[in-house]
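Undergrad: Here it is: the structure, laid out below.
The values are calculated or read from the model by the stated rules, or taken from the named source; none is laboratory data. Quick caveat: nothing in here was measured; it's all calculated off a predicted structure. Heads up, the Cβs are rebuilt from the backbone with ideal geometry, glycines too, and the neighbour counts pull from every protein chain shown.
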Amino acid sequence: MILITGATGAVGRPLVEFLAGQGAEVRAVTRAPESADLPAGVEVVEGDPSRPDTVAPHLDGVAAVFLHSRTFGETADRLLSLARERGATRVVALSAMNVDDPLELQPSRYRGDRNKESEEAAVASGLEWTSLRVSSFAGNTLQAWGAQIRAGDVVRYVYAAFEESLIDERDLVEVAARALLTDELAGRRLELTGPQSLSHEQMVAVIARVIGRPLRYHEVPPEAAQQAMIGNGLPEPFVEALMARYAAYVQWQQHPVTDEVEKILGRPARTYAEWVADHVAGFQN
Ligand SMILES: NC(=O)c1ccc[n+]([C@@H]2O[C@H](COP(=O)([O-])OP(=O)(O)OC[C@H]3O[C@@H](n4cnc5c(N)ncnc54)[C@H](OP(=O)(O)O)[C@@H]3O)[C@@H](O)[C@H]2O)c1
């Protein structure tokens, strides 16, 4: 049995679906089972990983745990020691490629994400571990620019030249599944990226080509963008760290391409253009 935390989210849901499709026994943890809407055959259980005692009753019979870095608050060690006590032997930790950066350049920490702690708890757990040090998700671009592209042809955003290698979440999911189902990736911190590094402006050009629209990137000063994002409800410390990250890395690629996905899966990582093609509806009205 594989226990998945964060099972209803952008990573967890496709991971649950992929594992179930491979015939694996999956137990999905969610705080809201009534609305989880996961595939038939998946055991959906109620629990909140940030309160490990609520997950404890669901650990019996679990061999491997997927530790999702948004879910456990400050309790990853406790969660994994409970899993080990109940007989688990393996943990796969969702982490991030920027975990060794100064904390003020890791925006997601300001929303409660704990990528560093996820990896550290896995390594210290006494379980067979794998850490998934992932570059930025391709889905971030839909969150950042989707509304503007649905509304018109101009994308107003910061740092046109900022470059990174976005990963297709499905590649992350397939690597995670490999790590959960086999011992091939045990004891490794895997730096997982997409197959090419693209600037913000190049990403928008890819979207334009794939959806067949004349999109234009209009660079705006960070201060103006920051005010707009805070006005739209994003927490100020998060936005400040995001802008600091862009400023710190605008001269070089933040996440240089690695070939880990291809080496592990035996096929090239999916391109950003493929990701856009599979999410065209999100960019259209
Ligand atoms: N976006 C990126 O570029 C990137 C890159 C590297 C690493 N990461 C890391 O990946 C994680 C985000 O993954 P994701 O996109 O799958 O997240 P997500 O879509 O927000 O899903 C996370 C799931 O975890 C549960 N959850 C959310 N907040 C929680 C909380 N405070 N306490 C307990 N459970 C909570 C929710 O499930 P229920 O409501 O069903 O309980 C939710 O569906 C973050 O830790 C992020 O730092 C992201």
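Undergrad: Since residue 240 meets every condition but one in (1) under 24 Å from residue 171 (Cα atoms); (2) surrounded by 14 or more Cβ atoms within 10 Å (Cβ to Cβ); (3) acidic (Asp, Glu), which condition does it not meet?
TA: All conditions are met except number (1).
Undergrad: Just give me the residues in segment 206-227 being farther than 13 Å from residue 157 by Cβ and modelled with pLDDT of 95 or more, in sequence order.
TA: 206, 208, 209, 210, 211, 212, 213, 214
Undergrad: Would you mind finding the one in 185, 181 that is touching a helix residue (DSSP H, G or I) at 6+ places or on another chain (Cβ under 7 Å) and over 14 Å from residue 97 (Cα atoms)?
TA: Among 185, 181, only 185 is touching a helix residue (DSSP H, G or I) at 6+ places or on another chain (Cβ under 7 Å) and over 14 Å from residue 97 (Cα atoms).
Undergrad: Consider residue 6 against the criteria (1) in contact with a His (Cβ under 7 Å, 6 or more places away or on another chain); (2) within 25 Å of residue 143 (Cβ to Cβ); (3) not in a loop (DSSP other than H, G, I, E, B): it satisfies all of them except one. Which criterion is unmet?
TA: (3)
Undergrad: For residues in segment 136-178 being β-branched (Val, Ile, Thr) and more than 30 Å from residue 23 (Cα to Cα), which is nearest to the ligand (Cβ to nearest atom)?
TA: 141
Undergrad: A further question follows. If you take the residues in segment 11-46 that are buried (at least 18 other Cβ atoms within 10 Å of the Cβ) and within 8 Å of the ligand (Cβ to nearest atom), which one is farthest from residue 112 (Cα to Cα)?
TA: 36
Undergrad: Looking at 77, 113 in this structure, which one is acidic (Asp, Glu) and in contact with a helix residue (DSSP H, G or I) (Cβ under 6 Å, 6 or more places away or on another chain)?
TA: Matching residue, one of 77, 113: 77.
Undergrad: Please go through segment 102-135 and give me each residue that is surrounded by fewer than 18 Cβ atoms within 10 Å (Cβ to Cβ), charged (D, E, K, R) and more than 8 Å from the ligand (Cβ to nearest atom), ordered by number.
TA: The answer is 104, 120, 128.
Undergrad: Now for a separate question. Suppose the filter is of a type in the set (Lys, Arg) and either more than 10 Å from the ligand (Cβ to nearest atom) or farther than 19 Å from residue 237 by Cα (or both); does residue 90 pass it?
TA: So residue 90 fits the description; yes.
Undergrad: Being touching a helix residue (DSSP H, G or I) at 6+ places or on another chain (Cβ under 8 Å) and part of a helix (DSSP H, G or I) is the filter; apply it to segment 250-274 and report the residue that is farthest from residue 131 (Cα to Cα).
TA: Among residues in segment 250-274 that are touching a helix residue (DSSP H, G or I) at 6+ places or on another chain (Cβ under 8 Å) and part of a helix (DSSP H, G or I), the one farthest from residue 131 (Cα to Cα) is 273.
Undergrad: Taking segment 4-58, which residues are of a type in the set (Val, Ile, Thr) and touching a residue at least 12 places away in the same chain (Cβ under 8 Å)?
TA: Correct list: 4, 5, 8, 11, 16, 26, 29, 30, 42, 44, 45, 55.
Undergrad: Can you tell me which condition residue 27 does not meet? The list is (1) part of a loop (DSSP other than H, G, I, E, B); (2) within 22 Å of the chain's Cα centre (by Cα); (3) not acidic (Asp, Glu), and all the others hold.
TA: Among (1) part of a loop (DSSP other than H, G, I, E, B); (2) within 22 Å of the chain's Cα centre (by Cα); (3) not acidic (Asp, Glu), residue 27 violates only (1).
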